[in-house]
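The values are calculated or read from the model by the stated rules, or taken from the named source; none is laboratory data. Everything quoted here is computed from the prediction, not taken from an experiment. Cβ atoms come from the backbone with ideal geometry, glycine included; neighbour counts cover every protein chain shown.
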């Protein structure tokens, strides 16, 4: 047992002293957690998006009983009012002053729209209320029309187009209701149910933290395990172990224990950073989450041994790890949902053990409903462990001269 512990301690000490290993082990996961959380921290929260909207009401002839243009203006102003708690309003409206020239105002707003300063410009034409009233009284009356200006070069404008369309549909409903041409009891109710959601908004840091922790385990296994084995073999360090009473199984036990200790240290550092620096509110204390973390660490360690067994040199091992690193990380759902990926990419996702571990861990933590069957989130990683161990036991060479 003493020899096993010494191997474990040597593996941990060597990994911490090596600069390149320390970068992938600690600096890179921390850097990624900080950058992604700072950029996307407000995703899914109220008030994080506000659209600059130009609104020009040319219709000044509406009567007090049929001023339908005022309904549109009031609706957009209501959406431009800060909500309770000081949340940023959905729209920030820009209207001309009483003495401003409408044509000059419109020209300036359209110019701002082209330059990205506005997400949309809405123009209520002269005679709009009269046209709406006429269409209510006569079936063959000309339809009342609004002018809504957008630009395809702006993502904000494209997003605003959808929202403005929904707002105007609700305004249209209100106008029909006031004109007696719409009966609310005849309206079809629709209940929206989201699949894969826990029922509450999940802060991005709670979503990303489990993925970053598993990413740390993955990078540690992908680079650390084959690097330690292959470099020590090429430098004939492993040969020195075999002239001692230490057997290969005991060496592997010590190496595995050291690897798990590195993963535990990695987990503690990332968890503390996520909890106290960014306010993550998830607990890994459950048995299911703990077992998933251990399964992930063992899976990635076995994958590292698989790489070490398939290449001949340490440099080839690092090259192979670099080739596999990005596709397996980004096609796993660690950083963003994968439901919208093309079919050929989803085929890679379903063969990727990281995908199942990420899905299983987030489900255990209550961050989201598992997107993959629970049995597969355990079975696929175990299958990868079995395949990796089988190949490594047959192919891995412990000595350069063997």
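What pairs come up if the first residue lies in the range 271-293 and is assigned by TED's automatic domain parsing to the domain that holds residue 32 and closer than 14 Å to residue 30 by Cα, the second is in a helix (DSSP H, G or I) and at pLDDT below 85, and their beta carbons are under 7 Å apart, counting only those six or more places apart or on different chains?
Once the first residue is assigned by TED's automatic domain parsing to the domain that holds residue 32 and closer than 14 Å to residue 30 by Cα and sits in the range 271-293, its partners that are in a helix (DSSP H, G or I) and at pLDDT below 85 give 273/30; 273/33; 274/33; 274/205; 278/37; 278/205.
Here's a check for you: in the range 43-53, which residue that is surrounded by fewer than 18 Cβ atoms within 10 Å (Cβ to Cβ) and closer than 16 Å to residue 118 by Cα is modelled with the highest pLDDT?
The residue in question is 50.
Any chance you could count how many residues in the range 139-155 are modelled with pLDDT of 75 or more and within 21 Å of residue 73 (Cα to Cα)?
Here the count works out to 6.
Any residue at all in the range 353-369 that is part of a helix (DSSP H, G or I), over 18 Å from residue 299 (Cβ atoms) and at pLDDT below 80?
Checked against the condition, which is being part of a helix (DSSP H, G or I), over 18 Å from residue 299 (Cβ atoms) and at pLDDT below 80, the range 353-369 yields no hits at all.
Could we say that residue 227 is surrounded by 21 or more Cβ atoms within 10 Å (Cβ to Cβ) and assigned to a helix (DSSP H, G or I) here?
yes
Given the options 262, 252, name the one that is on the phi < 0 side of the Ramachandran plot and either surrounded by fewer than 19 Cβ atoms within 10 Å (Cβ to Cβ) or in a loop (DSSP other than H, G, I, E, B) (or both).
Going through 262, 252 in turn, the sole match is 252.
Which ones in the range 370-390 are part of a helix (DSSP H, G or I) and closer than 20 Å to residue 209 by Cα?
Hit for the range 370-390 is 377, nothing else.
Only one of these conditions is not met by residue 189: (1) modelled with pLDDT under 70; (2) outside any loop (DSSP other than H, G, I, E, B). Which number is it?
Only one criterion in (1) modelled with pLDDT under 70; (2) outside any loop (DSSP other than H, G, I, E, B) is unmet by residue 189, namely (2).
Filter the range 54-68 down to residues that are modelled with pLDDT under 80 and surrounded by 12 or more Cβ atoms within 10 Å (Cβ to Cβ), then give me how many there are.
Total satisfying the criteria: 5.
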